Structures are given as C-alpha cells and as structure tokens.
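Trainee: Quick one: structure below, then a few questions.
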Amino acid sequence: MKAAVWQLAHGRSLGLGERAVVMGVLNVTPDSFSDGGRFVDFDRALAQAERMATEGAAIIDVGGESTRPGADPVPADEEQARVLPVIAALASKGGVLISVDTYRAETARLAVAAGAHIVNDVWGLQRDVGLARVAAGTGAGLVVMHTGRDRRKLPDVIDDQVAFLSESLRLAREAGVADDQIVLDPGFGFAKDAEENLALMARFEDLARLGRPFLVGTSRKRFVGHVTGRDPDHRAAGTAATSVILRLKGAALFRVHDVAINIDALAFADAMLARGGEE
C-alpha cells in the first residue's frame, strides 16, 4: 500500500497508507438513516465528537443534510446553521481534524473559515463545481465521492467508477486543486444495490488505477444488513468486517459511526499487512 501525505486546510496534513485512518460520522440532522435526531442538540453533538476522538477517530465528519435515499433537501442556510457552530466549537478545542459533509460551495467555504480541514462531497463535484474552487483557494482536503444517483450507470461497476471519478478528478484539477489534496470514495450504497456493493468490494483493488488514496463508507449501510440480517443499529460488527476486507484490498480511510470496534478490527488488518512480506 503506497504511502501518501494528504494536504489539508489550516496548514494541517495527514499521513495515509501505513495505518488505517478512521473518520467518525457526526450527523447533526433530524432524519439521517441510522442516527437521525440523536445529535441535533449542540451539547450532545460535541459530546459524541469527543467520544469518537477518544475512541481513536482522527477525523470528525460533520453533516447537516441527510444523504439517505428519499431524504428531503435542506436549505443552505439551515444546513449552515446546523454545522457551523459545531465545527467552530471543535476547532476551538484543537487536536482532531474536522471534515464537513456538504456538496454546496458556500457551505464548504464557511465551514473551512470556521475551522474545517476537509470537504467531503457526496456528488463528486458534479453538482456544484464551485466546491472545487473552494478547496483550491483554501487548501482544504477534498473527498470526491462516486454516486449513481440521477444518471445512467455503466453496466460494469468498476468501469462506472473509473468513468465518474475520472470526470471528478478532471474538474478538481481544472479548478486548481492539487492531487495531494484529493481522496476518492467509491460511494458504497449510493444508488447501488446489494450485489453491486458486494461486487465493488470484491474488485476494489481495480480502483488503484485512479492513482489516489481511497476513503470508504460502508457503515451501517443497507447492504451490510442484506448480508447480516441486522437492522441499522446492530450493524457495527458487519461494518467492521467490511472495513477489514477493504483495508486488506487497499483502502486508506474508513468513515464509520461505531469507532471503537472498527479501530480494533483495523488494527488486526494493519498487523497482517505489516507481515505481508515476512516468511
């Protein structure tokens, strides 16, 4: 697994490759599919962020609009009212890296100004390309995610990944984003059925041709429930299993709700990778 340094806003950076990195999910929303409403309250959101950081999350990903299928869009000002106070409070404490989960350029700009280091775009810059200009201008790390929503997908899951993410990379580079600011995400669960998600996991190594580190987000997703038969609140073990599989196949970062179990599972994956060349 090739080592890389991910360049982030505010002079920060993060080493990738040698050890798995965990990003904790903090949804300050009333309607997210798994934890909607649990962390809308400001104090509860900060307490959850602190808990995830204590458990080993290097990054806290703060989102103010649910991305579950069928969720109602949230006006930009409401999204900003949810995420900006939490980001500012986390930034004032220092230490943990902060990501904002948004596809809006203005929300991204305000979030970085409030202290966020990373912008996580579930539309891969193909809904608001201005977000790429925000990353270029601020030096923020950029997560560019694949989605199958609102478009016709290619029949082969890897071909579709390569086509979509290559276009996203083109948009980022044209906006002036440096390659060492960019991490890719295959978008598990985003307009993909269970079989497509499993095929994507099985062939994950094929995405290395895109030349950038990968973040993966399988946490509590429907396809995990398809395999385990568990409801969203009981998919932590299934998620950890996917994390191990994807780490061994080359993923660098893991976006999860349940930090501790994934930290432990990934420690074993890293131990096996470290011994890969031993007799």
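The values are calculated or read from the model by the stated rules, or taken from the named source; none is laboratory data. This structure is a prediction, so every number in the text was calculated from the model and none was measured. No Cβ is skipped: glycine too gets one built from the backbone with ideal geometry, and neighbour counts run over all protein chains shown. Ligands, DNA and RNA are stripped out before the accessible areas are found, and what is left, the full protein with its side chains, is counted by its heavy atoms. Shrake-Rupley method; radii C 1.70, N 1.55, O 1.52, S 1.80 Å.
Trainee: Please work out the average accessible area per residue across region 4-274, using the 1.4 Å probe convention, and give it in Å².
Mentor: I get 40 Å² per residue for region 4-274.
Trainee: What is the magnitude of the charge dipole of region 77-158 about its Cα centre, with +1 placed on the Cβ of each Lys and Arg, -1 on the Cβ of each Asp and Glu, and no other charges, expressed in debye to the nearest 20?
Mentor: Charge dipole, region 77-158, about its Cα centre: 160 debye, nearest 20.
Trainee: Please list, in chain and number order, the residues 5+ apart from residue 98 or on another chain whose amide H is under 5 Å from its amide H, with Hs placed from the backbone.
Mentor: 60, 117, 118
Trainee: Follow-up. How large is ³J(HN,Hα) for each residue in region 56-62, as worked out from phi by the Karplus curve 6.51 cos²θ - 1.76 cosθ + 1.60 (θ = phi - 60°), to whole Hz, x for Gly and Pro?
Mentor: So the Karplus estimates, Gly and Pro as x, are x, 5, 7, 9, 10, 9, 9 Hz.
Trainee: Same structure again: I want the antiparallel fraction of DSSP beta bridges within region 4-274, as a percent rounded to 5.
Mentor: Roughly 10 percent of the DSSP beta bridges within region 4-274 come out antiparallel.
Trainee: Please state the charge dipole magnitude for the chain, taken about the Cα centre, from unit charges on C-beta atoms (+1 on K and R, -1 on D and E), reported in debye and rounded to the nearest 20.
Mentor: Charge dipole, the chain, about its Cα centre: 240 debye, nearest 20.
Trainee: Note down the magnitude of the dipole of region 119-206 about its Cα centre, charges +1 on Lys and Arg C-beta and -1 on Asp and Glu C-beta and zero elsewhere, to the nearest 20 debye.
Mentor: 340
Trainee: Continuing with the same structure: If the elastic network links every pair of Cα atoms under 10 Å, which of 47, 113, 140 fluctuates the most in the Gaussian network model of the chain?
Mentor: Maximum fluctuation in the GNM of the chain, among the listed residues, is at 47.
Trainee: Short version: ³J(HN,Hα) in whole Hz for each residue of region 206-217, in order, from phi by Karplus 6.51 cos²θ - 1.76 cosθ + 1.60 (θ = phi - 60°), x for Gly and Pro, what are they?
Mentor: Result, rounded to whole Hz: 5, 7, 4, 4, 6, x, 10, x, 10, 9, 10, x.
Trainee: Mind jotting down the distance between the C-alpha centroids of region 116-166 and region 42-84, whole Å?
Mentor: 19
Trainee: Of 198, 239, 181, which is farthest along the charge dipole of the chain in the positive direction, counting Lys and Arg as +1 and Asp and Glu as -1 at C-beta?
Mentor: Among 198, 239, 181, the one farthest towards the positive end of the dipole of the chain is 181.
Trainee: For the chain, with all protein chains present and a 1.4 Å probe, just round the carbon and sulfur fraction of the accessible area to a whole percent.
Mentor: About 51 percent, which is the carbon plus sulfur part of the accessible surface.
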